[in-house]
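Coordinate-derived values only; no laboratory data. Keep in mind it's a predicted model, so treat the numbers as computed, not measured. Here the Cβ positions follow ideal geometry from the backbone for every residue, glycine too, while neighbour counts run over all protein chains shown.
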Amino acid sequence: MMPPSVIARKAGIKRNPVAIVWTDKKPEKALEFKPGVWSCVMWLFAKVANDGKTAVFSEATTTCAGGSMGLGFGRPWEKHAARSEDGFCSFLSNGADGAIDKEAYNAIIAQSFDDHHRKMLTEGERFFKNPAVVKKFLKNLPLYDAKDKFIVMKPVSEVKEGDDVKSVVFVANADQIAALSTLANYGTGNLRDGIIVAAGAAGCQAMGVCTYAEYGKEQPRAVVGLTDLSARKSVRATLGKDVLTFSVPYGKYKAMERNAEGSFLDLDLWKELRDSE
């Protein structure tokens with residue numbers, strides 16, 4: 001097992017740093033969604049971070065299309081209420097007003113299960129200006145296919161030797177994000193290129209595929225996430241309103257762990273910020 005996170009201890013991060021692991025073996029007694037029932041990946045992520053639980057996801061149990069994309073289960077458009085890539089692009093932007101095939105999109109709206117879904121499809125989420133911008137977003141969103149794998153979330157302290165860890169995720173407040181950002185650049189000298197903000201990406205996409213894509217790079221970047229308004233609403237009751245996620249590929253996490261000793265995290269300036277109300 002990995003030792004408890006030095007970073008979390010020194011930075012005063014109370015919630016568990018969460019490791020996202022790909023595996024062929026399903027862990028026993030892990031939290032898991034039921035196949036066919038819509039669920040948000042972030043609900044279980046919050047349980048792992050808050051309570052130290054282990055959660056497991058598969059293609060069958062990840063019923064949210066955006067969540068499937070975020071964890072790395074391809075692009076299953078059929079799981080989305082809009083049923084197609086074009087429909088998804090309309091939904092994520094300006095809904096029926098900008099639909100590429102208005103007749104087909106309006107037919108999907110007419111088949112909605114309830115007034116809530118009908119309203120959402122009609123209005124769109126308006127996270128992007130129009131479907132063309134969503135097309136560009138999807139082109140930039142890293143694509144992975146883990147359909148034959150289980151994807152596990154567990155406290156990083158429970159990582160075992162040989163685990164295929166793709167990402168380590170901290171839940172942090174503003175001061176802690178500042179500290180993590182400084183530590184991420186501590187041994188690199190990066191100023192603008194060491195950290196990216198996953199603006200527009202879903203919460204699971206930021207800590208999932210957007211962070212996976214940094215794995216193996218000469219200078220991997222950290223990813224600031226939970227900028228997704230829907231995800232923030234989903235986890236507010238569990239994680240509170242004043243946090244973001246900060247995720248790094250596993251190799252960068254281990255480098256940051258080594259750099260934490262003897263860094264600014266040991267000095268009074270940080271301790272005063274950490275311990276202030």
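Below, the figures for the structure above:
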read-out: Contact order relative to length of the chain, as percent, for alpha carbon pairs under 8 angstrom and 6 or more apart; value: 25 percent
read-out: Acute angle (nearest 10 degrees) that the helix 174-184 long axis makes with the longest principal axis of the chain, alpha-carbon atoms; value: 70 degrees
read-out: Sorted by Cβ neighbour density within 10 Å, fewest at the top, the residues 153, 1, 256, 207; value: 1, 256, 153, 207
read-out: The chain - mean residue ellipticity at 222 nm from DSSP helices (-39,500 (n - 2.57) per run, n ≥ 4, rounded to 500); value: -11000 deg cm²/dmol
read-out: Rounded if a/c under 1.5, otherwise prolate or oblate - segment 77-150, Cα gyration tensor axes; value: oblate
